[in-house]
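Everything below concerns the one structure shown next.
Please treat every number below as a calculation from the coordinates, not as lab data. No experiment lies behind these values; they were computed from the predicted model shown. Here Cβ is always computed from backbone atoms with ideal geometry, including for glycine, and neighbour counts include all displayed protein chains.
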C-alpha cells in the first residue's frame, strides 16, 4: 500500500507507531472495509474490486519475505528476544516467513506462522523461501526498501500495489512514479470506487519456466 507520492511508511517508526508519522488507516482502510478482510468481526463489508484483491492476497502463497522493519522497529543486535513481532500470538501470514536482518536470532513459531531470521542477499533469501514454499508462490510483503532491493536485483515477476488518495511526504518511498518500472514491466492502473487505484505489474520477459525460484511476487495491498 502506498500514498500518491510513493511512500509506504512515514518517518519515526516505533513500537507504538509501526508506520511512523503516517496514518496507517489512511493507507489500509479500503482493505479493512471489504467482506473478505480476515480480521472482520462483524458481518457485511464491501464486495467488488477491493474485495477481490483482499481475497487474492493469500492465494497460492507458500512463503513470505519481509524486511526487518516489517517485523518490528528494532535496529542493531536484538536486545529483547521475548518480543515476537507486532502481530501477537496469531500472525496473519500462516506460512514460513523469512525476515531479512544482519542480526540473526532463533526461529520463532507462532500459531501457524514460522519466522526465520536470515542474513542473506535477495537471491539467497528467495532460494530459501522458494524451497519452503513447496511449489507455491513467494510473496514479498515489504517494506518498500525490501521490495526495492528485489526489484533492483530483477527478482520480481508480478506486483500489485494499492495506492491510496493521501500524501505522506517523507519516509520509506517505493517510487516517484510507477513509470520508473516500465522498462521491465507491463503496467495497468485499475481504479476502484473506494478511491484506491490498484497498480498491476507483470514482467515483459518472464523468467524461463525451467528455472524455478528466480523470481517472486510482490504484494503491498
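Comparing 31, 22, 120 in a Gaussian network model of the chain where C-alpha atoms under 10 Å apart are linked, the largest mean-square fluctuation is found at 120.
Full extension of the segment from residue 35 to residue 21, taken as 0.36 nm per residue of separation minus the current Cα-Cα distance, would add 2.2 nm. If R0 is taken as 41 Å, the Cβ-Cβ distance between residue 74 and residue 47 corresponds to a FRET efficiency of 0.55. Under a Gaussian network description of the chain, with springs only between Cα atoms under 10 Å, the residue in 65, 168, 108 that fluctuates furthest is 108. Residue exposure proxy: 160, 186, ordered by other Cβ atoms within 10 angstrom of their Cβ from fewest to most, comes out as 186, 160. For residue 84 and residue 28, a Förster radius of 30 Å and the Cβ-Cβ distance give a FRET efficiency of 0.85, rounded to the nearest 0.05. Neighbour counting of Cβ atoms within 10 Å sorts the residues 54, 114, 107, fewest neighbours leading, into 107, 114, 54. Using a cutoff of 8 angstrom between alpha carbon atoms and counting only pairs six or more residues apart, the relative contact order for the chain works out to 27 percent.
Relative to the current alpha-carbon distance between residue 11 and residue 184, full extension at 0.36 nm per residue lengthens the span by 59.3 nm.
The per residue volume of the convex hull around the alpha-carbon atoms of region 24-114 is 118 Å³. Relative to the globular-protein estimate of 2.2 N^0.38 Å, the Cα radius of gyration of region 1-75 stands at 1.25. Spin-label model, residue 102/residue 123: points 7 Å from Cα along the beta carbon direction are separated by 2.1 nm. Ranking of 70, 136 by neighbouring Cβ atoms within 10 Å, starting from the fewest: 136, 70. Rg of the Cα atoms in region 22-64, relative to 2.2 N^0.38 Å, amounts to 1.22. Restricting attention to the chain, close to 45% of DSSP beta bridges with both partner residues there are antiparallel. Length, then width, then depth: along the principal axes, the Cα atoms of the chain run 44, 43, 35 Å.
The relative contact order of region 41-114, computed from alpha carbon pairs under 8 Å that lie at least 6 residues apart in sequence, is 34 percent.
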